[in-house]
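A.B. asks: Supplied in structure tokens, the structure appears directly below.
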Amino acid sequence: MIIDTHIHLDGEEFAEDIDEVVARAKEAGVVRMLLPAIDEKTTDAVVAVAKRFNGYAFPMIGLHPEEVRDDWREVLDRLRPRVDDTFVAIGEVGLDFYWSREFEEQQMLAFEEQVKWSVETRLPLMIHCRKAQNEMVGIMRKYRKELPGGVFHCFTGNEREAEQLLEFENFMLGIGGVLTFKKSNLPTVLPHIPLGRIVLETDAPYMAPVPMRGKRNESSFLTYVVEKMAESYCVAAEEVERTTTANVERLFSRCPSLVQNT
């Protein structure tokens, strides 16, 4: 049993064959998909996809840092009333200073506001962070004792960075295709991280694992990630699946729709 905690199944890349993508995922042992939103439009889209695959796909709600502009406050004011049991998490939210710091202040304010949503609603966070870990951690430490948990999506860092993130109780590191890349440091970093703090993800349609690099990623490819993770931890693939699935169910247990389909 595998759970893909991060797939953009609402993307246009899946428009032509979404049913086949889901069928292949089920055949590969993927029992659930969690769908992050990045803005208002994709919030509507992930809800629609989740309804189409009721009991299998579950939506999130949030404003992605790369979508933050001067109107971030107005956008969040429209999104906040929509946060209810329809959604399994607040996400995809966070900070991204990789390409530009033009909206740095706005990103930090928008992220902190959505961190507060997590505290208020008890929905976990799905966090995107790129070239901004110190700033992100600084914001989150204000709410350390109140946060219900979450996922640091697409973790690719070192042992020290992992240790800093895992200071936050009930937070997991999301691991996907990067683990299989030739130059990835993750195979040597993971053994220093408890498997009980790891969840699986694709970030599909992006970040396809070896041997599928260059292709559109999809949930069925998680089997390659599981194999590499089992090798890194020196355990059976079944142990990776069992533990990471239990991690997801523990983390997202506050969402009734997920519990009902466990």
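The values are calculated or read from the model by the stated rules, or taken from the named source; none is laboratory data. Please read all numbers here as calculations on a predicted model, not as lab measurements. Backbone-built Cβ (ideal geometry, glycine too); neighbour counts: all protein chains shown. Note: areas computed on protein heavy atoms with side chains; ligands, DNA, RNA excluded. Shrake-Rupley method; radii C 1.70, N 1.55, O 1.52, S 1.80 Å.
A.B. asks: Regarding Phe53, is this residue in contact (Cβ under 8 Å) with a residue 24 or more places away in the chain and open to solvent by 20 Å² or more (accessible area, probe 1.4 Å)? Even if it seems obvious, please write down each step before you answer.
C.D. replies: On the way: in contact (Cβ under 8 Å) with a residue 24 or more places away in the chain: yes; open to solvent by 20 Å² or more (accessible area, probe 1.4 Å): yes.
So Phe53 passes the test.
A.B. asks: Given the criteria of a type outside the set (Lys, Arg) and either open to solvent by less than 10 Å² (accessible area, probe 1.4 Å) or closer than 25 Å to Leu109 by Cβ (or both), does Val30 qualify?
C.D. replies: Numbers: of a type outside the set (Lys, Arg): yes; either open to solvent by less than 10 Å² (accessible area, probe 1.4 Å) or closer than 25 Å to Leu109 by Cβ (or both): yes.
Judged against the criteria, Val30 is a match.
So that you can scan it fast, the table gives a plain yes or no per residue for (1) within 30 Å of Asp19 (Cβ to Cβ); (2) in contact with a Pro (Cβ under 8 Å, 6 or more places away or on another chain); (3) of a type outside the set (D, E, K, R):
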site: Ala45; (1), (2), (3): yes, no, yes
site: Arg52; (1), (2), (3): yes, no, no
site: Met60; (1), (2), (3): yes, yes, yes
site: Asp96; (1), (2), (3): no, yes, no
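A.B. asks: Could you list, in sequence order, all residues of segment 163-216 that are out of contact with any strand residue (DSSP E or B) (no Cβ under 6 Å at 6 or more places or on another chain) and charged (D, E, K, R)?
C.D. replies: Glu163, Glu167, Glu169, Lys182, Lys183, Asp203, Arg213, Lys215, Arg216
A.B. asks: Take the residues in segment 195-220 that are out of contact with any Lys or Arg (no Cβ under 8 Å at 6 or more places or on another chain) and among the aliphatic types (A, V, I, L, M), then tell me which one is most open to solvent (accessible area, probe 1.4 Å). So that I can check it myself, show each step before the final result.
C.D. replies: Taking segment 195-220 and keeping what is out of contact with any Lys or Arg (no Cβ under 8 Å at 6 or more places or on another chain), we get 195-203, 206-207, 211-217.
From the residues that got through so far, the ones that are among the aliphatic types (A, V, I, L, M) too are 195, 198-200, 207, 212.
Details: Leu195: 25, Ile198: 0, Val199: 0, Leu200: 1, Met207: 69, Met212: 34 Å².
Within segment 195-220, the match that is most open to solvent (accessible area, probe 1.4 Å) is Met207.
A.B. asks: Looking at segment 69-85, is at least one residue at pLDDT 95 or above, surrounded by 16 or more Cβ atoms within 10 Å (Cβ to Cβ), under 14 Å from the mean Cα position of the chain (by Cα) and more than 23 Å from Ile175 (Cβ to Cβ)?
C.D. replies: Residues of segment 69-85 that are at pLDDT 95 or above, as a first pass: 69-83.
From the residues that got through so far, the ones that are surrounded by 16 or more Cβ atoms within 10 Å (Cβ to Cβ) too are 72, 75-76, 79, 83.
From the residues that got through so far, the ones that are under 14 Å from the mean Cα position of the chain (by Cα) too are none.
Scanning segment 69-85, I find no residue that is at pLDDT 95 or above, surrounded by 16 or more Cβ atoms within 10 Å (Cβ to Cβ), under 14 Å from the mean Cα position of the chain (by Cα) and more than 23 Å from Ile175 (Cβ to Cβ), so the answer is no.
A.B. asks: Any idea which of (1) under 17 Å from the mean Cα position of the chain (by Cα); (2) open to solvent by 30 Å² or more (accessible area, probe 1.4 Å); (3) among the aliphatic types (A, V, I, L, M) is the one Ala23 doesn't satisfy?
C.D. replies: The number of the failed condition is (1).
A.B. asks: Name the residue, out of Met140, Met126, that is closer than 19 Å to Arg197 by Cβ, modelled with pLDDT of 95 or more, open to solvent by less than 10 Å² (accessible area, probe 1.4 Å) and in contact with a strand residue (DSSP E or B) (Cβ under 7 Å, 6 or more places away or on another chain). Let's see the steps before the verdict.
C.D. replies: Numbers: Met140 fails: in contact with a strand residue (DSSP E or B) (Cβ under 7 Å, 6 or more places away or on another chain).
On inspection, the qualifying residue turns out to be Met126.
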